[in-house]
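Asks: Here it is: the structure, laid out below.
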Amino acid sequence: MKISHEWLRAFVPHALAPEEVGELLSRHVVSLEGLERTRADLAPIVVARVVESRKIPDTKLSFNLVDDGSGTPVEVVCGAPNVAVGTRYPFARVGTVMPGGLKIEARKIRGMTSHGMLCSARELGLGDDAEGILALAVAAAPGTALLDALPLGDAVLDLDVLPNRPDLLSHVGVARELAAITKRPMATPAELRALPRAPKAVRGAAAAQAKGVRVKVEDRAGCPRYVAAVIRGVTVGRTPDWLARRVESVGGRAINNVVDVTNYVLHGLGQPVHAFDLRTLAHGAIVVRKARAGETLVTLDGVERTLEPWMTVIADGDRPVALAGVLGGHESEVTAATTDVLLEVAYFAPKDVRAVRRAFGLSTDASYRFERGVDGGATAAIAVQAAGLIVSVAGGTIEALLDVGAAPRSPRPVALRPARVERLLGERVGAPEIRTLLGAVGFRVKPGAGGALAVTAPSWRHDVSRDVDLVEEVARLRGYDRLPDAVRPYRPGTVPDDPLHLATRRVRDALVASGLAEARPMPFVAETSASDPHVRVTNPLAEDEPFLRRSLLETLARRAEYNLNRHQGDVRLFEIGSAFEPVGDALPRETLRAAVLVMGARRPPHFTDPRPPAYDAWDAKALAETVVRAAWPRAEVALVPAEGGALWAVRASGAEVGVVRAVPLDAPVWASSAFGVEITLGELASAPPAARGAHAYVAPADAARAFVHHTALPATPAAEFDVALIVPNDRAAGDVEQVIRAACGELLERLVLFDEFRGAGVPAGARSIAWRLTFRHPQRTLRDQEIEGRRAQLLKALRSELGVEPRTA
C-alpha cells in the first residue's frame, strides 16, 4: 500500500520526517517496505535573491548579481522580463541537471559569462508559465533548498499491509494508527470540510426509489448494503491541481474530476466507489442480482466477458452494467458528455468478490479491498462525503440518496481481564492504560463482569474476536520494545520431542557440516508425464505449477537448472521437506524426506588446487550414508545396486529408505553430471489411517533412540595395515566389510576403503579393492604377532565365507 506523507499529514498534522513516520509504523503497526521521495529532480535547486540587476543595451536580457548563499555574488544573465532586485527566485547553479535533462554550464552571452540560471515554472515542471521566472513569496535564506522552502516534494511510504488489516489500505486507516502512536488528534483534510449538504437518505430493506431512480437489491447475501447518490448537472472536465496531486502521489493518473474523486475516496478513505453515467442506465434503475445464463458484459478494460449464474452483478433495468466489487462496465462509464451521475457506495461479500475476480483472472484496487473487507459501518457516511466531493469539483446538485439494506451487525464484546494481559506480556498493565490504548484506535471499552473489561471492536476491524487479539493490540501500541526481557520462572515441559523432528535436526546439521546449502522451495511442480501422475491442488498458487511433487529431487533439479542458466555450475543443495504420492481418491500419502543434489566442483578452488575434481557417484553415495547415519545413528547402513534407473538403493537395518541416482537436467554442454540422494525419514499423518495402512512406513530399528556418544582420546598407539582383495563384480563391497569387521573383532578401530582398480593383473569379472585397517588396544600397545594373527584370521574368513582372495600382483 502506497501512502503519501503529505496526504497523511492532512489527516494527522505533524512535523515528523517521513523516515520517522515509517519507523513508528514499522515498530507498532505495519512493516515499511520502502520510501521514495517525489520531485527529487528539484533537489539541486536553491532559493536565490537578486541583489543587483541592470539591462543589457539593445537586448531583452539583464545582467544580475545573485546571492545563492555561497557568500560570493554570482553573475547571471537572464532573459525574463520580471527580474526584480530583492526578490527571491529558484536558482540552478553550474553543474545542476534540470528536470528536463539539461545540464547548466557557464556560458558566454553578449560578452558576459552567466554562472547559473534563474528558473521559470515550466523549466521546473511546476506549471506552464514560461514567460517569466518564478517569483517566490517565501522568507527563506538564500541557499535554502527549494524543496525545503516550498511544499513541492512528497514522500511515498510503501507499507506491507497483511490480509488481516484491510483498514490500513487507506490514508485514514494509517492516520488513525499514527494518531494513536503519537498521541496527536485526528483532523479533517481541507478538501473534506464544508462540503455541500446531501438530502436525507431514502431507506429500504430491499429497494428504494426517489427522483426517478430506483435501487433494488435481490442478492442480499452478496450485497448486504447498497447506497446510491444521484447527482445531476455535473460538468466533467479537468481535475483540480490539489486532487490531481493526491491521485498522482499514490501512483495514479489524473483522468477527470469525477473519476478522480472516486480514486480519492478509494485511497483516502478505503472505500471503493463507482460512478455510473445515469443517462445510460435503462429505466433509471440499479438492480443488484445474480447474472443470468448467457449474459455478457463489456468491462472498462474493453473485454467482453461471459457471465455465470452464480456471479453477483450490478444491472440496470435491462442488462448488467458492472461486476459487483470488481470492475465497471464500458457502456455506463463517465465521459466528457456525462451530466448526471449515479454514485455507488456498497458493501459486497468478500467471498463473492474473490470468486468473480478469480474466475476472470483480473484484480483491481476495488476487488483487493472488498476481498479483505471494507468498513461496513461507514458506507452511508462515505457516500455523503464522496457525493459532496463530486459536487465541489464538478458542480451539480445531490438530488437523492438511496440506502438499501443494513450495516453489518456490531461484533460481540470480548471480555479482557488485566490479569490476563499481565500473564501474557509479563508486565502489569493497568485497566486505565488498557482503556486509553484501545480507545485510541477505535475500540469501545466498558466495565464488564468480574473486573473484566468489555471491549467491542470498531467496524473497520475484522481481525479481533478473542482476548489474545486484544492483548496483541495492547502490546503493539505500548511498543514491543517495552516488553520485559528478563528470564522469569517457568515450568519445563515433560513432553519429549518427536523422534522425526530430532532426526530432521540431526540430518540438517550433518549436511550443513558437509558444506551443503539448504533450499526451502514450495512443494509444487508441473506434472512431467502422464505415466507418473501427481496430485493436483484444487486451488493452486500458480497455474504453471499446480501439482504436488512426488520427489524432492524434482524441485532440486529445477533449482540446479536455475543456477546453470546463470552460468553457475557448482551446486551443493539439500532440502528437508514433504513429498506426496497419490492414494486413489483419498488424500495423498505425505512423507518427510531429505534430498541432496550435487554437481560441479567438489570443493572451492584454491591456488594450490585451481581445478578441484567434480562430484561423482561415489560422493553421492557417501552423502547418502551421512544422511542415514545422522537420521538413525545406530542403524546398519547398506547401499546395494538398484533397479529402475537408480544407482543404489539405500537400506537402514534392512529397511529400504531411499535411493542414490543420477539426476537428468536441462543443462548446457559445459555442465558436469548431477547426482542426487533422497531418503525417506518418516510418514506424516496427512491421509486417513485407512489410506496409510497399505503404505505404512516402518522406521529402521532404534530410530527413536538417538544419542551422542563421547569417548576419551586414546592414549595408546594404533597399528595399521592395508589389504588388497580380488572381489567379483557381483559381490558388494559392503558384504566384504561385514566379514572384515566380524573377523577382526573389537580391536578394529577404523576401516577405510581407499582404492578400487580394474585392469592388468586383475581377472576378468572382478576388481581389486583395498582397505586400510586400524587396530588399537585401549590399555596397551599391540604386539606384531597379534596384528599378523588378525591378518591371517581375516584372510581365512574371507576365503571361506566369500571366496575372496588377496591380490598378489
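The values are calculated or read from the model by the stated rules, or taken from the named source; none is laboratory data. Because the structure is a prediction, the values reported are computed rather than measured. Cβ sites come from the backbone with ideal geometry, for glycine too, and all protein chains shown count toward neighbours.
Asks: How many of the residues in the range 449-500 are touching a Gly at 6+ places or on another chain (Cβ under 9 Å), outside any loop (DSSP other than H, G, I, E, B) and not β-branched (Val, Ile, Thr)?
Replies: Selection size over the range 449-500: 3.
Asks: On the basis of being in contact with a Gly (Cβ under 9 Å, 6 or more places away or on another chain), surrounded by fewer than 20 Cβ atoms within 10 Å (Cβ to Cβ) and not hydrophobic (A, V, I, L, M, F, W, C), does Gly584 make the cut?
Replies: On the way: in contact with a Gly (Cβ under 9 Å, 6 or more places away or on another chain): no; surrounded by fewer than 20 Cβ atoms within 10 Å (Cβ to Cβ): yes; not hydrophobic (A, V, I, L, M, F, W, C): yes.
It is false that Gly584 is in contact with a Gly (Cβ under 9 Å, 6 or more places away or on another chain), surrounded by fewer than 20 Cβ atoms within 10 Å (Cβ to Cβ) and not hydrophobic (A, V, I, L, M, F, W, C).
Yes/no matrix, rows are residues, columns are (1) modelled with pLDDT of 90 or more; (2) in contact with a Ser or Thr (Cβ under 6 Å, 6 or more places away or on another chain):
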position: Ile3; (1), (2): yes, no
position: Glu20; (1), (2): yes, no
position: Gly34; (1), (2): yes, no
position: Arg37; (1), (2): no, no
position: Leu42; (1), (2): yes, no
position: Glu52; (1), (2): yes, no
position: Thr59; (1), (2): yes, no
position: Ser62; (1), (2): yes, yes
position: Gly71; (1), (2): yes, no
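Asks: Scan the range 323-339 residue by residue and report those that are in contact (Cβ under 8 Å) with a residue 60 or more places away in the chain and surrounded by fewer than 20 Cβ atoms within 10 Å (Cβ to Cβ). Even if it seems obvious, please write down each step before you answer.
Replies: We begin by selecting, within the range 323-339, every residue in contact (Cβ under 8 Å) with a residue 60 or more places away in the chain; these are 324, 334-339.
Thr335, Ala336, Ala337, Thr339 - these are the residues of the range 323-339 that are in contact (Cβ under 8 Å) with a residue 60 or more places away in the chain and surrounded by fewer than 20 Cβ atoms within 10 Å (Cβ to Cβ).
Asks: Within the range 432-473, restricting attention to residues that are of a type in the set (A, V, I, L, M, F, W, C) and surrounded by fewer than 18 Cβ atoms within 10 Å (Cβ to Cβ), which residue is modelled with the lowest pLDDT? Break it down stepwise before answering.
Replies: Going residue by residue through the range 432-473, those that are of a type in the set (A, V, I, L, M, F, W, C) are 434, 437-438, 440-441, 443, 445, 449, 452-455, 457, 460, 464, 468, 470-471.
Still in the list and also surrounded by fewer than 18 Cβ atoms within 10 Å (Cβ to Cβ): 440, 449, 454, 468.
On the way: Ala440: 96, Ala449: 90, Ala454: 96, Val468: 96.
Top of the filtered list is Ala449.
Asks: Evaluate the following for Leu307: is it over 30 Å from Asp167 (Cα atoms) and crowded, with 23+ Cβ neighbours inside 10 Å? Lay out the reasoning, then the answer.
Replies: Working: over 30 Å from Asp167 (Cα atoms): yes; crowded, with 23+ Cβ neighbours inside 10 Å: no.
No, not satisfied.
Asks: Could you please give the count of residues in the range 742-785 that are over 26 Å from Asn729 (Cα atoms), surrounded by 11 or more Cβ atoms within 10 Å (Cβ to Cβ), of a type in the set (D, E, K, R) and touching a residue at least 12 places away in the same chain (Cβ under 8 Å)?
Replies: 2
Asks: Where the second residue is of a type in the set (A, V, I, L, M, F, W, C) and assigned to a loop (DSSP other than H, G, I, E, B) and the first is farther than 17 Å from Ala121 by Cα and without any contact (Cβ under 8 Å) to a residue 24 or more places away in the chain and lies in the range 39-60, which pairs have Cβ atoms under 8 Å and are six or more apart or on separate chains?
Replies: If the second residue must be of a type in the set (A, V, I, L, M, F, W, C) and assigned to a loop (DSSP other than H, G, I, E, B), the pairs left are Lys55/Leu61.
Asks: If you don't mind, another one. Can you list the strands (runs of 3 or more DSSP E) found entirely within the range 17-75 that contain at least 1 residues being assigned by TED's automatic domain parsing to the domain that holds Ile181 and either of a type in the set (S, T, N, Q) or surrounded by 18 or more Cβ atoms within 10 Å (Cβ to Cβ) (or both)?
Replies: Details: elements: 31-37, 46-55, 62-67.
Qualifying strands (runs of 3 or more DSSP E): 31-37.
Asks: Considering only the range 563-571, I want to know if a residue exists there that is in a helix (DSSP H, G or I) and hydrophobic (A, V, I, L, M, F, W, C).
Replies: Checked the range 563-571: at least one residue is in a helix (DSSP H, G or I) and hydrophobic (A, V, I, L, M, F, W, C).
Rundown of residues vs (1) in the same structural domain as Val313 (by TED's automatic domain parsing); (2) within 19 Å of Val215 (Cα to Cα); (3) at pLDDT below 95, yes/no style:
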{"position": "Ser367", "(1), (2), (3)": "yes, no, no"}
{"position": "Phe370", "(1), (2), (3)": "yes, no, no"}
{"position": "Gly376", "(1), (2), (3)": "yes, yes, yes"}
{"position": "Val384", "(1), (2), (3)": "yes, yes, no"}
{"position": "Ala387", "(1), (2), (3)": "yes, yes, no"}
{"position": "Ala394", "(1), (2), (3)": "yes, no, no"}
{"position": "Ile398", "(1), (2), (3)": "yes, yes, no"}
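Asks: Here's another thing I want to ask about it. Might you let me know whether the range 491-511 holds any residue that is within 24 Å of Asp167 (Cβ to Cβ) and acidic (Asp, Glu)?
Replies: Taking the range 491-511 first, the residues within 24 Å of Asp167 (Cβ to Cβ) are none.
No: zero hits.
Asks: Can you tell me how many residues in the range 505-561 are within 26 Å of Lys621 (Cα to Cα) and in contact (Cβ under 8 Å) with a residue 24 or more places away in the chain?
Replies: Residues in the range 505-561 being within 26 Å of Lys621 (Cα to Cα) and in contact (Cβ under 8 Å) with a residue 24 or more places away in the chain: 28 in total.
Asks: With respect to Val596, is the statement that it is in a helix (DSSP H, G or I), within 34 Å of the chain's Cα centre (by Cα) and either loosely packed, with under 14 Cβ neighbours inside 10 Å or touching a residue at least 24 places away in the same chain (Cβ under 8 Å) (or both) true? Write out each step before concluding.
Replies: Working: in a helix (DSSP H, G or I): no; within 34 Å of the chain's Cα centre (by Cα): yes; either loosely packed, with under 14 Cβ neighbours inside 10 Å or touching a residue at least 24 places away in the same chain (Cβ under 8 Å) (or both): yes.
Considered against the rule, which asks whether it is in a helix (DSSP H, G or I), within 34 Å of the chain's Cα centre (by Cα) and either loosely packed, with under 14 Cβ neighbours inside 10 Å or touching a residue at least 24 places away in the same chain (Cβ under 8 Å) (or both), Val596 comes out as no.
Asks: Suppose we filter Val404, Val429, Val345 for residues that are buried (at least 16 other Cβ atoms within 10 Å of the Cβ) and over 35 Å from the mean Cα position of the chain (by Cα); which single one remains? It would help to see each step written out before you state the result.
Replies: Values: Val429 fails: over 35 Å from the mean Cα position of the chain (by Cα); Val345 fails: over 35 Å from the mean Cα position of the chain (by Cα).
So the residue among Val404, Val429, Val345 that is buried (at least 16 other Cβ atoms within 10 Å of the Cβ) and over 35 Å from the mean Cα position of the chain (by Cα) is Val404.
The rows are residues; the columns are (1) in contact with a Gly (Cβ under 9 Å, 6 or more places away or on another chain); (2) more than 19 Å from Arg369 (Cα to Cα); (3) assigned by TED's automatic domain parsing to the domain that holds Trp7.
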{"residue": "Pro224", "(1), (2), (3)": "yes, no, no"}
{"residue": "Arg245", "(1), (2), (3)": "no, yes, no"}
{"residue": "Gly252", "(1), (2), (3)": "no, no, no"}
{"residue": "Val261", "(1), (2), (3)": "no, no, no"}
{"residue": "His267", "(1), (2), (3)": "yes, no, no"}
{"residue": "Pro272", "(1), (2), (3)": "yes, no, no"}
{"residue": "Lys290", "(1), (2), (3)": "yes, yes, no"}
{"residue": "Leu300", "(1), (2), (3)": "yes, no, no"}
{"residue": "Asp316", "(1), (2), (3)": "yes, yes, no"}
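Asks: Only one of Leu157, Leu162, Leu169 is touching a helix residue (DSSP H, G or I) at 6+ places or on another chain (Cβ under 8 Å) and over 14 Å from Phe11 (Cβ atoms). Can you tell me which?
Replies: On the way: Leu157 fails: over 14 Å from Phe11 (Cβ atoms); Leu162 fails: touching a helix residue (DSSP H, G or I) at 6+ places or on another chain (Cβ under 8 Å).
The unique qualifying residue is Leu169.
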